[in-house]
Amino acid sequence: MTQPAVVPCQYRTGKTLGSGTYAIVKEAVHIKTGEYYACKVINKKLMEGREYMVRNEIAVLKKVSRGCPNIVTLHDYFETSHNLYLCFDLCTGGELFDRICAKGNYYEADAAGLVRTIFTAVKYVHGCGIVHRDLKPENLLFRTKDEDADIMIADFGLSRIMDDHLLTEICGTPGYMAPEIFKKTGHGKPVDVWAMGVITYFLLCGYTPFDRDTQQQEMEAILAGDYKFEPEEYWANVSDTARDFVSACLTIDPASRPTCEEALQHKWLSSDFPHYVPDPQSPTGGPTDLLPHVKRHFDAKKTFRKAVFSITAMRRMSTLAHAHAGQHVRGHNLAQLMEESEKEHINEVRCFG
């Protein structure tokens, strides 16, 4: 088999922007153009025997990149002797909810506008034959700090190209996972619509519908579709139309759940006029500002936030740390491997095209 040609590296990495269970994200600059990117750095020792996961992510991103302004673009990918590198759009505008909390006010029409934009992007992803499987506020980023910046769907690490077979693996972030994932009855694109229902609920009140004290209780609540629009003092400021939209997305039976196309036709998203509860303090009967309640709940959750990881990521890490320790990462610990990834300066090595 022909070895890939060794070429001088085109990029120089900078500060670390974040870290996940098997990768870190670093800022990178293209040496010739001066363009900045977010570079996902994946340790090859950690991924031995699981290279298909990275190949899958690249295949997914090649299908969806550049076709929609609200999906992060994969610009380049390459490897060194130690790491795999994926270069994406550098989104500098921050996470969705941090951006909302920094605003002076926030109305139901703002939430509907965000949901409409995200659902349009998810519809595009589904049209490419792909299911995302990890839609959540943390994976919704703004391209820049500008007020009218595009919101972007990021992190396609759990996405799959769908064929005629339903998927059966348990994966995703627990509070956003659809009932059929837990049941292992087979799942597909409808899981993204469920996740969008959870995100919409979250955007309207600042907490998630199935939040419970333990992950077991959370799973049981999801399986039973056990959620309420409570406390009433929060939801009194949200229209019945918005509640109906959330309920439609959180339909337990995936066959009865709306498609992205149908969700976009719901009157909460498709009406020519905004839906809202009038502010009793407003002399003109304008919409109620949702920000005080939303921010209060979100800030409380942030203070006591549980360390919630993707189930697949936890299983992936556990497997790599224990069952495969003898074959794949003997003599290394995960922290050491991640540190190696972070310290590699790609401008000092030669990259495989």
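Just so you know, all these numbers are worked out from the coordinates, no wet-lab data involved. As the structure is a computational prediction, the values presented were derived from the model and not from experiment. Here the Cβ is made from the backbone with ideal geometry for all residues, glycine too, and neighbour counts use every protein chain on show.
Each residue of segment 172-183 was assigned a 3J(HN,Hα) from its phi angle through the Karplus expression (A = 6.51, B = -1.76, C = 1.60, θ = phi - 60°), giving x, 9, x, x, 10, 7, 6, x, 5, 5, 5, 6 Hz with x at Gly and Pro.
Taking 8 Å as the Cα distance limit and 6 or more residues as the minimum spacing, I'd like the relative contact order of segment 133-210 as a percentage. Provide the component values of the computation, followed by the final result.
Numbers: 93 pairs, mean separation 22.3, N = 78.
Normalised by residue count, the contact order of segment 133-210 is 29 percent.
Computed from phi, the 3J(HN,Hα) profile of segment 283-290 under the Karplus parametrisation 6.51, -1.76, 1.60 (θ = phi - 60°) reads x, 9, x, x, x, 6, 6, 7 Hz, with x in place of Gly and Pro. Need the C-alpha centroid separation for segment 209-270 versus segment 115-137, integer Å. When both Cα centres are located, 17 Å separates them.
What is segment 19-153's relative contact order, in percent, from Cα pairs under 8 angstrom and six or more apart in sequence? List each step's numbers first, then the result.
Values: 185 pairs, mean separation 32.3, N = 135.
After rounding, I find 24 percent.
Given a cut-off of 23 Å, name the pairs among Lys45/Lys183; Lys123/Lys267; Lys136/Lys189; Lys103/Lys136; Lys44/Lys184 whose C-alpha atoms lie farther apart than that in the structure shown. Working shown, then result.
Details: Lys45/Lys183 33 Å; Lys123/Lys267 17 Å; Lys136/Lys189 15 Å; Lys103/Lys136 20 Å; Lys44/Lys184 30 Å.
Result: Lys45/Lys183; Lys44/Lys184 exceed 23 Å.
Applying the Karplus relation 6.51 cos²θ - 1.76 cosθ + 1.60 with θ = phi - 60° to segment 53-58 yields 3J(HN,Hα) values of 5, 6, 4, 5, 4, 5 Hz, where x marks Gly and Pro. Backbone amide hydrogens, once placed in the peptide plane, bring Thr288 within less than 5 Å of Val277, Asp279, excluding anything fewer than 5 places away on its chain.
Packing-based ranking of 190-200, 81-91 yields 190-200, 81-91, ordered from highest to lowest mean Cβ neighbour count within 10 Å.
Grab the beta carbon distance between Lys103 and Gln217, set R0 = 22 Å, and tell me the FRET efficiency rounded to 0.05. Let's see the in-between values first.
Working: r = 33 Å, r/R0 = 1.49.
Calculated transfer efficiency: 0.10.
Beta carbons within 10 angstrom, averaged per residue: use that to sort the peptides 150-163, 63-76, highest first.
Working: 150-163: 19.9, 63-76: 17.6.
Ranking the peptides 150-163, 63-76 by packing returns 150-163, 63-76.
The slack between Lys145 and Thr185, meaning 0.36 nm per residue of separation minus the straight C-alpha distance, is 10.2 nm. Restricting the trypsin sites (Lys or Arg not before Pro) of segment 224-294 to loop positions (DSSP other than H, G, I, E, B) with no more than 10 neighbouring Cβ atoms within 10 Å leaves Lys228.
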